[in-house]
Amino acid sequence: MKTIRVRGSDEEIPVGKILCLVRNYSKHAEEMQSEIPEHPVVFFKPATALIREGGDIIIPPISREVHHEVELVVAIAKEGKQIAESNAGEFILGYAVGLDMTLRDVQNEAKKKGLPWSVAKGFDTSAPVSEIIPASQVKSFPEMEMRCSVNGTLRQKIRAGSMVFSPEQIISYCSSLFTLERGDLIFTGTPEGVGKVQPGDTIEAELVNFTKINHRVMSALLT
């Protein structure tokens, strides 16, 4: 079973499910030619999509256009259902930086045909995640900054305070539909600047002053 680890702890926490948001930054919604939603829009990645620091991102042979999407990830501390926004902070174990790797050509084709695009988002290695930074170590959530570089070139940079929906709003909404459990991860959406990567590229995602991850992009045909 896939697990996460909190900084300062040796506990391996099983990950049951990965919830992901779309269009949670206004400028990214614009670059994708989409409207900002009235409430969080959620999709799932299977837990098997998770890889930790240093793991290779394997591109399935069905795709020729893979995009990086850097995201702030919220880890859930305990089980909860119908969580009030005012109490949602109690359910945050901590934060991580993650990558929502996307088979963009596969996703776009599925959208054209009105089909689900789980394959484009949920393939193995599509969810690289760093160690979890305890919530108690984060003094100013809005000032937390995410960055994503490919081969040393900065492509994405944003502060968490630019989100349309806050972690508390997201947790409250998600828990109204799904029981949240310890170890669940919520990818909170990506900012503008998503772009294509190729086999052999190195992606660095960073939660500035907290944690970072490095991953090499590989073709499934080469493994």
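When only residues in the stretch 106-118 that are surrounded by fewer than 16 Cβ atoms within 10 Å (Cβ to Cβ) and part of a helix (DSSP H, G or I) count, which is nearest to the chain's Cα centre (by Cα)? Here the residue is S118.
Evaluation of V70 against the conditions (1) within 15 Å of L185 (Cβ to Cβ); (2) modelled with pLDDT under 95; (3) of a type in the set (V, I, T) shows that the sole unmet condition is (2). On inspection, S140 fails the criterion of being at pLDDT below 95 and touching a Pro at 6+ places or on another chain (Cβ under 9 Å).
Can you name every residue in the stretch 149-192 that is more than 18 Å from S26 (Cα to Cα) and assigned to a strand (DSSP E or B)? Working first, answer last.
First, pick out the residues of the stretch 149-192 that are more than 18 Å from S26 (Cα to Cα): 149-154, 168, 171-186.
S149, V150, T153, L154, L180, L185, I186, listed by residue number.
Here S9 fulfils each of the conditions (1) surrounded by 14 or more Cβ atoms within 10 Å (Cβ to Cβ); (2) farther than 18 Å from C148 by Cβ; (3) of a type in the set (S, T, Y) apart from (1).
Here F91 clears all of (1) more than 17 Å from D184 (Cβ to Cβ); (2) surrounded by 23 or more Cβ atoms within 10 Å (Cβ to Cβ) except the condition numbered (1).
Residues in the stretch 195-209 that are crowded, with 20+ Cβ neighbours inside 10 Å and either outside any strand (DSSP E or B) or over 15 Å from the mean Cα position of the chain (by Cα) (or both): V197 only.
Checking A75, A88 one by one, the residue that is assigned to a strand (DSSP E or B) and closer than 26 Å to M144 by Cβ is A75 and no other. Of the residues contained in the stretch 61-81, one or more are found to be among the hydrophobic types (A, V, I, L, M, F, W, C), exposed (fewer than 15 other Cβ atoms within 10 Å of the Cβ) and in contact with a strand residue (DSSP E or B) (Cβ under 8 Å, 6 or more places away or on another chain).
Residues are listed down the side, and each one gets a yes or a no for (1) among the basic types (K, R); (2) over 29 Å from D10 (Cα atoms); (3) at pLDDT 95 or above; (4) touching a Leu at 6+ places or on another chain (Cβ under 7 Å):
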| site | (1), (2), (3), (4) |
| --- | --- |
| A120 | no, yes, yes, yes |
| P167 | no, no, yes, no |
| G183 | no, no, yes, no |
| I213 | no, no, no, no |
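Confirm whether L180 is in contact with a His (Cβ under 8 Å, 6 or more places away or on another chain), surrounded by 19 or more Cβ atoms within 10 Å (Cβ to Cβ), in contact (Cβ under 8 Å) with a residue 60 or more places away in the chain and hydrophobic (A, V, I, L, M, F, W, C). The answer is no for L180.
Answer with yes or no whether T179 is modelled with pLDDT of 95 or more, touching a Lys or Arg at 6+ places or on another chain (Cβ under 6 Å) and hydroxyl-bearing (S, T, Y). Spelling it out, T179 is indeed modelled with pLDDT of 95 or more, touching a Lys or Arg at 6+ places or on another chain (Cβ under 6 Å) and hydroxyl-bearing (S, T, Y).
Filter the stretch 91-109 down to residues that are among the aromatic types (F, W, Y) and out of contact with any Gly (no Cβ under 7 Å at 6 or more places or on another chain), then give me how many there are.
1
The values are calculated or read from the model by the stated rules, or taken from the named source; none is laboratory data. Just so it is clear, the structure is predicted and the values come from calculations on it, not from any experiment. Cβ coordinates were reconstructed from backbone atoms using ideal geometry, including for glycine residues, and neighbour counts include every protein chain displayed.
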